[in-house]
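Here is the structure we will look at, set down as structure tokens.
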Amino acid sequence: MRTIGIRIVALAVAAAVLLPAAACATNGYFAHGVGIKAKGMAGAGVAYPQDALTGGSNPAGFAFIGDRFDVGVDWFRPDRGSEISGHPGPGVDGSYDANDEQSFFVPELGVSKALNDQWSIGLSVFGNGGMNTSYTEPIPLFDGTMTTNAGVDLSQLFIVPAVAFKLNEMSAFGIGVNVGWQRFKATGLSNFDAVGPSADPGSVTDNGYDTSTGFGVRVGWIGRTESGVALGASFQSRTAMSEFDEYSGLFAEQGDFDIPGSFSAGVALTPNERTVIAVDMAHTWYGDVKSIANPLLPNLGMSKLGNDDGAGFGWHDVTTLKIGAAYDVSDALTLRGGYNYGGQPIPTSETLFNMLAPGVVEHHATLGGTWRMSDTMELSFAYVHAFENTVEGEDSIPVGFGWGEVDLTMSQDSFAVAFGMAY
């Protein structure tokens, strides 16, 4: 147990060191999956645990994976930008490149231990999601002084200690604590800083990085049958986070930015001894968090940014379908693939503020594999491509900012590698 405790502390410390480079957005602003193996299968894993990152999708999975240690990193490369058209202001119309920073590294670490035939414990540490835009020039509608490039940088880390209990050899329950950590900064938003009723001076932009912490709960269940069918379900509560004090005039509810709750259900089929097919459905309640869900209008003209009814990004809930397959080519090699679809969360009327958070991708294709170097050690990889998608604005620029429309575009690529070891 002392060795396990040392590993847990080491994982948490390592994640805290690695996170500052992490930012990703696929299904809304959440990662499309947790764990390199699951990512290679489009994120499907609620009913099919494969490694010690299972605490991020279904803590009941710790009951079935034995004693493991996993560590990996995901190189994430988004391509995002926007276009303003039909605006009367000189020099406003045009395309805006948000790729001044384009490479991000998202860490993951996990450890699991079977205490006896019924009880298992584990820890999963991973970049949960986030959003980054780093425009290569100021945006006139955001920065009236035209001196600072617009952008935001949001990173999220989850540390999930969990315990799992086997009811029998075929089913298990799990519960974990979501320990959340966030880091955020905003630049180039001077037009929202003390303009009319919008905000209090100095609480909207260019205040450097601020951090936020909080807690939530994750519970899950997995049940298996003799015929090779497994079912799974997992619920993540809303993670109540402390406020971003340095940006109390930007986010609704005085800088609040809670992590939304979600529910996932999945099935895994084993048609033969070499093949697994997994299908998950997930729903994320973005609409429950005011700083994410409040619309730009009429809120912007009626209340200060940072108030309970201050303007937000106007996001709605997202439902995601994940379909993945794994095939054992040999005892040493497994190949994976999958397709992930999540409806993008941004209404056409909300594209102006979402120039800062253009999470509009919907369709993802994934590939992956694992090479087992020995009975105890393995290397895994996953590649994800999110196909380019554009959301065209409709009545998206308020009269106070002129008029015209904003279109948002994004595509993504990522490549991940992980090392796993049974002990």
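Overview of values
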| read-out | value |
| --- | --- |
| Condition met for H283 (in a loop (DSSP other than H, G, I, E, B) and at pLDDT 95 or above) | no |
| Those residues of the stretch 367-408 which are β-branched (V, I, T) and under 18 Å from G420 (Cβ atoms), in sequence order | T370, T376 |
| Lone qualifier among A282, A311, A278 - being over 29 Å from S264 (Cβ atoms) and buried (at least 23 other Cβ atoms within 10 Å of the Cβ) | A311 |
| Counted residues, the stretch 268-280 - those being farther than 16 Å from G56 by Cβ and either among the acidic types (D, E) or under 16 Å from the mean Cα position of the chain (by Cα) (or both) | 1 |
| Residue list for the stretch 374-423, restricted to those being outside any strand (DSSP E or B), over 30 Å from P298 (Cβ atoms) and in contact (Cβ under 8 Å) with a residue 12 or more places away in the chain | D375, T376, Y423 |
| Any hit, the stretch 59-73, residues being closer than 27 Å to T319 by Cβ, under 15 Å from the mean Cα position of the chain (by Cα) and either touching a residue at least 40 places away in the same chain (Cβ under 8 Å) or not in a helix (DSSP H, G or I) (or both) | no |
| Residue ID - farthest from G55 (Cα to Cα), chosen from residues in the stretch 225-267 that are aliphatic (A, V, I, L, M) and under 23 Å from the mean Cα position of the chain (by Cα) | L250 |
| Which numbered condition G249 fails, given (1) in contact with a strand residue (DSSP E or B) (Cβ under 6 Å, 6 or more places away or on another chain); (2) crowded, with 24+ Cβ neighbours inside 10 Å | (1) |
| Only one of G66, G33, G28, G61 that is under 24 Å from H364 (Cβ atoms), out of contact with any Asp or Glu (no Cβ under 7 Å at 6 or more places or on another chain) and modelled with pLDDT of 95 or more | G61 |
| Candidates P107, P88, P161 - the one that is crowded, with 16+ Cβ neighbours inside 10 Å and at pLDDT below 95 | P107 |
| Some residue of the stretch 202-215 being of a type in the set (A, V, I, L, M, F, W, C) and either at pLDDT below 95 or within 26 Å of M131 (Cα to Cα) (or both) | yes |
| Residue within the stretch 262-273 that is buried (at least 22 other Cβ atoms within 10 Å of the Cβ), among the polar types (S, T, N, Q) and under 30 Å from V329 (Cβ atoms) present | yes |
| Index of the failed condition, K322 passing every other in (1) basic (K, R); (2) more than 20 Å from the chain's Cα centre (by Cα); (3) not in a loop (DSSP other than H, G, I, E, B) | (2) |
| Of all residues in the stretch 95-139 being in a strand (DSSP E or B) and charged (D, E, K, R), the one that is farthest from A172 (Cα to Cα) | D97 |
| Members of the stretch 201-254 found to be outside any loop (DSSP other than H, G, I, E, B), without any contact (Cβ under 8 Å) to a residue 40 or more places away in the chain and of a type in the set (S, T, N, Q), listed by number | T211, T213 |
| Criterion violated by Y423 - all others in (1) surrounded by fewer than 17 Cβ atoms within 10 Å (Cβ to Cβ); (2) modelled with pLDDT of 95 or more; (3) hydroxyl-bearing (S, T, Y) satisfied | (2) |
| Test set (1) surrounded by 19 or more Cβ atoms within 10 Å (Cβ to Cβ); (2) assigned to a loop (DSSP other than H, G, I, E, B); (3) modelled with pLDDT of 95 or more - L296 fails condition number | (3) |
| G337 touching a residue at least 24 places away in the same chain (Cβ under 8 Å), more than 30 Å from Y96 (Cα to Cα) and in contact with a helix residue (DSSP H, G or I) (Cβ under 9 Å, 6 or more places away or on another chain) | yes |
| Among (1) touching a His at 6+ places or on another chain (Cβ under 7 Å); (2) in a strand (DSSP E or B); (3) buried (at least 16 other Cβ atoms within 10 Å of the Cβ) - the single one G368 does not satisfy | (1) |
| Some residue of the stretch 347-364 being in contact with a helix residue (DSSP H, G or I) (Cβ under 6 Å, 6 or more places away or on another chain) and either modelled with pLDDT of 95 or more or part of a helix (DSSP H, G or I) (or both) | no |
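The values are calculated or read from the model by the stated rules, or taken from the named source; none is laboratory data. All figures in this text were calculated on a predicted structure; none of them were measured in a lab. So basically every Cβ, Gly included, is an ideal-geometry build from the backbone, and we count neighbours across all protein chains shown.
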